[in-house]
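Quick notes on the structure that follows.
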Ligand SMILES: Cc1cc2nc3c(=O)[nH]c(=O)nc-3n(C[C@H](O)[C@H](O)[C@H](O)COP(=O)(O)OP(=O)(O)OC[C@H]3O[C@@H](n4cnc5c(N)ncnc54)[C@H](O)[C@@H]3O)c2cc1C
């Protein structure tokens, strides 16, 4: 078994597989270490009694990244993405969310059910429109990291002009990350049932920015034909076709660091594997607090992470020069 790689990627979830697919196509020798028995993380499906079930997400947010990324990796022919439709279901009405006018209809319908709350609902709707426009500007960005130059030249100037009013609101929008959705709604509404309807989709403590801006994210959802697993499988095949290696049931216990630079990992079975780079696509707190010797960690950073409330999924590169 090989014991030297250009890059070791910790975690075979969607982030880890994407990082590895790029690294492998650039010619790096890559090892993906996934502690579970299968790759995919939240992006997985399973079959039961002739039906396919997804384990995590309901659909995938494109956010100006997913589609261009599949194109860049030449996987757009392998995975067929469909527009994923969301509907809001009320006791007497089914509102399929396809564009802005459906959101208007949703608030109107709620107003008919809660006539005493109409004024407050109008205010919430107004705020939600502002937030949604801002979210829209974020998710429709022609992303310079993924888009081809010809597409950037075509779409970026128009996007910038359209986004100027939203861009100017960035500061006030960021403040809404600090206010829980339910608290924000209570400023305008007094009916607890109505507040529950508007916030019930989200986990406790969801920021107002996320909860009220979400309606626009629905328009940006896509779904891979055949289930979420199709994305995971396409990325895994791409990695293997480009001479990458994927080890499942393989937990990383330690990132080996010397003089502030990573040079490999130690696995749960004690084996040490060397690499030029270590990419962690695991939870940030787990990466820095469990996998790295505290003596190697910058102290203030370690303390800040210790007090952070939730771990943020994402990719970190700990490079060795
Ligand atoms: C409740 C919820 C709903 C969501 N809904 C949506 C949605 O509808 N649409 C959407 O686009 N996004 C959605 N998201 C966001 C989406 O799920 C994440 O952005 C995405 O799945 C993150 O992928 P990841 O690879 O970073 O993390 P994960 O999928 O968590 O993968 C991390 C992987 O790393 C492995 N790992 C961790 N530590 C180690 C270790 N030490 N050694 C080896 N392996 C390790 C884990 O086993 C796991 O497989 C949702 C998230 C949540 C929590």
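Odds and ends about this structure:
Let's see how each residue does on (1) in contact (Cβ under 8 Å) with a residue 60 or more places away in the chain; (2) in the same structural domain as residue 124 (by TED's automatic domain parsing):
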site: 206; (1), (2): no, yes
site: 209; (1), (2): yes, yes
site: 215; (1), (2): yes, yes
site: 218; (1), (2): yes, yes
site: 233; (1), (2): no, no
site: 244; (1), (2): yes, no
site: 253; (1), (2): no, no
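- Unmet requirement for residue 246, which otherwise passes all of (1) assigned to a strand (DSSP E or B); (2) more than 30 Å from residue 20 (Cα to Cα): (2)
- Filtered residue count, region 249-261, keeping only those that are within 14 Å of the ligand (Cβ to nearest atom) and part of a strand (DSSP E or B): 5
- Screening residue 267 against (1) at pLDDT 95 or above; (2) more than 9 Å from the ligand (Cβ to nearest atom) leaves a single unmet condition, (2).
- Any pair with Cβ under 8 angstrom, 6 or more apart, that starts in region 145-163 at a residue that is more than 16 Å from residue 67 (Cα to Cα) and ends at one that is modelled with pLDDT of 85 or more: none
- Scan of region 46-88 for residues that are loosely packed, with under 13 Cβ neighbours inside 10 Å and either assigned by TED's automatic domain parsing to the domain that holds residue 155 or within 13 Å of the ligand (Cβ to nearest atom) (or both), ordered by number: 58
- Within region 13-45, the set of residues being part of a strand (DSSP E or B) and within 8 Å of the ligand (Cβ to nearest atom) comprises 13, 33, 40.
- The condition of being touching a helix residue (DSSP H, G or I) at 6+ places or on another chain (Cβ under 7 Å) and more than 24 Å from residue 46 (Cβ to Cβ) holds for only one of 259, 276, 269, 220, that being 220.
- Taken as a whole, the condition of being assigned by TED's automatic domain parsing to the domain that holds residue 136, in a helix (DSSP H, G or I) and more than 12 Å from residue 131 (Cα to Cα) does not apply to residue 189.
- Inside region 287-321, residues that are closer than 18 Å to residue 9 by Cα, at pLDDT 80 or above and crowded, with 16+ Cβ neighbours inside 10 Å make up a count of 5.
- Sub-6 Å Cβ pairs linking a first residue in region 270-299 that is within 21 Å of residue 22 (Cβ to Cβ) to a second residue that is away from the ligand (no atom under 12 Å from the Cβ) and assigned to a loop (DSSP other than H, G, I, E, B), at least 6 apart or interchain, are 273/3; 276/320, ordered by first then second residue.
- All positions within region 5-50 that are more than 20 Å from the chain's Cα centre (by Cα) and either at pLDDT below 95 or at positive phi (or both): 27, 46, 47, 48, 49, 50
The values are calculated or read from the model by the stated rules, or taken from the named source; none is laboratory data. Note that the coordinates shown come from a computational prediction; the quantities given were computed from them, not determined experimentally. Here Cβ is always computed from backbone atoms with ideal geometry, including for glycine, and neighbour counts include all displayed protein chains.
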